[in-house]
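Structure, as C-alpha cells:
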Amino acid sequence: MSSDDKTTGAIGGGVGGHHQPPHPPSGGPPIAATKPAVNMQTKPKITQAINGNQTALKTQNNGTGSQNGGNGYRVLKPEGYVGVDSLPEQFVSRIVRDGFGFNIMCLGQTGVGKSTLLDSLFNMKFPDVSTRSHNLSAVDVTAHNYDLQERNIKLKLGLIESKGFGDQINKGDSYKSVVEYIDQQFERYLQEELKIHRNQSPVNDTRVHVCLYMISPVGHGLRAIDLVTMRSLAAKCNLIPIIAKSDTITKPELERLRVKIMSEIVTNGINIYHFPTDDTDVADLNGKNNALLPFALVASHEFVRVGSKQMRARQYPWGTVQVENENHCDFVRLRDMILRINMEDLRETTHSRHYELYRRV
C-alpha cells in the first residue's frame, strides 16, 4: 500500500466511523484512541455561519437604536444629551408643575384706591367685597385667593385688604390688627413645618410677601398713624410705600412730597424694601427705581382709546391721565418691579429674613 492510500484510508476510516483503534501489544499500556481528523473543507462553512449570525445580530441591534463596537460588544446610544447642566431644566419643570403662590397686602385709608390698584395691576376685575364703611369699630383684614394661569404657569394669588384703617377716633391701635394677621400667617406656616407629614407647597403659603402702603397725597408728608404703622410693618414684611392718586397734585408738589416722605422714613429708621442690586442683570434698573421711591400711582377701571389701543385712563375736563404712561405716573414701574423682575426676590426675602426672625423670637 502506498503512502497516499494509507492517508486516504485513515481519513476515510475516521469520517466513516468504521476505523477501530489498534490493539495494544501484550503486556504494554493501552493506546489512546486516535481523534478523528477534521475535514478542513467544513471550517469555512462554520465561520460563515458565525459571521452570518453576527450580521443578523448587528442588523437587529441597529433597528433598536444600538450598535456593536469593534470588539463585538453591544453599545447603547443615549436618546439625548447627558450632563449635570440639565438640572436647571428639571428644577424648572418641577416648579412649573407645582405652581407658585404670591400674596399682596394693600393697606391704606378708606377710599384711597386699594381695590382699583389691585385690579389695574393684574388687568382684571376682582369681585368687589369691600364695605367702604367708616363706622367699623376695628380694622378688618380680609384675604381672597384666586387661581390664575398664563400659558402653562399657574399662580395662586392672595389679595389682602384692610377695611376701616384709620377711621376710628383712637387711631393708635389701627395697625395692631394688621400686624396680628401677619403673625398669624407666620405661625400657621411654622405649625405646618413642625408636623411629621408636611404640606408646605408654594400654593399653600399664606404669608404676606409684599405690603403696598398707600399714602394719601393730601397733607405735608406722613401722618403719625403712617409712621407708627410703617415702623411696625417694616419688621414683618416687605414694605413698599406708594403715593396714591398722584394725579390730584401738580408735578412740583409731587416731587416735594416724595422728598418729604423719604426724608421722614429715613429719619424715623423705617427699613422699607429696596429692590436688590446684587444681580448684575437687573442692578441698574433696580437702582434707578430705588431712587424713585415712593412711587406715584394712578389707577382706573375706565378704558380710553388711544390711537388703536384701549388704555386704562382717567378723564378730566382738562385732559386724560393714562395709567400706563410713564410720563403721567409710576404704575408701569411698580408693576414691573413686583411682578416681572423681583417677585421671586420678594418671596425669598419673606422666607429667609422675616419668617426666620419670627421663628427666632
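If I go through segment 222-274 residue by residue, how many of them are within 30 Å of Thr320 (Cα to Cα) and assigned to a strand (DSSP E or B)?
4
Kindly state which helices (runs of 4 or more DSSP H) lie completely within segment 321-361 and contain at least 3 residues that are over 15 Å from Cys211 (Cα atoms).
Once the helices (runs of 4 or more DSSP H) in segment 321-361 are filtered for at least 3 residues that are over 15 Å from Cys211 (Cα atoms), what remains is 331-335, 356-360.
For segment 128-137, does any single residue satisfy the condition of being at positive phi, open to solvent by less than 30 Å² (accessible area, probe 1.4 Å) and part of a loop (DSSP other than H, G, I, E, B)?
no
Among the residues of segment 222-268, which ones are hydroxyl-bearing (Ser, Thr, Tyr) and in contact with a strand residue (DSSP E or B) (Cβ under 6 Å, 6 or more places away or on another chain)?
The answer is Ser246, and nothing else.
Select from segment 290-310 the residues that are free of Cβ contacts under 8 Å to residues at least 40 places away in the same chain, farther than 30 Å from Asn271 by Cβ and not polar (S, T, N, Q) and list them in ascending order.
Glu302, Phe303, Val304, Arg305, Val306, Gly307, Lys309
Quick grid of which residues meet (1) closer than 22 Å to Cys237 by Cα; (2) loosely packed, with under 13 Cβ neighbours inside 10 Å:
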| site | (1), (2) |
| --- | --- |
| Lys260 | no, no |
| Gly269 | yes, yes |
| Gly287 | yes, no |
| Leu297 | yes, no |
| Phe303 | no, yes |
| Arg312 | no, no |
| Gln315 | no, yes |
| His328 | no, no |
| Arg360 | yes, yes |
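If you take the residues of segment 309-348 that are among the polar types (S, T, N, Q) and more than 35 Å from the chain's Cα centre (by Cα), which of them is nearest to Pro252 (Cα to Cα)?
Thr320
The values are calculated or read from the model by the stated rules, or taken from the named source; none is laboratory data. Everything numeric here is computed off the predicted structure, so don't read it as measured data. All Cβ positions, glycine included, derive from the backbone under ideal geometry; neighbour counts span all protein chains shown. When the accessible area is computed, the model is the full protein with side chains, heavy atoms only, and any ligands, DNA or RNA have been set aside. Shrake-Rupley method; radii C 1.70, N 1.55, O 1.52, S 1.80 Å.
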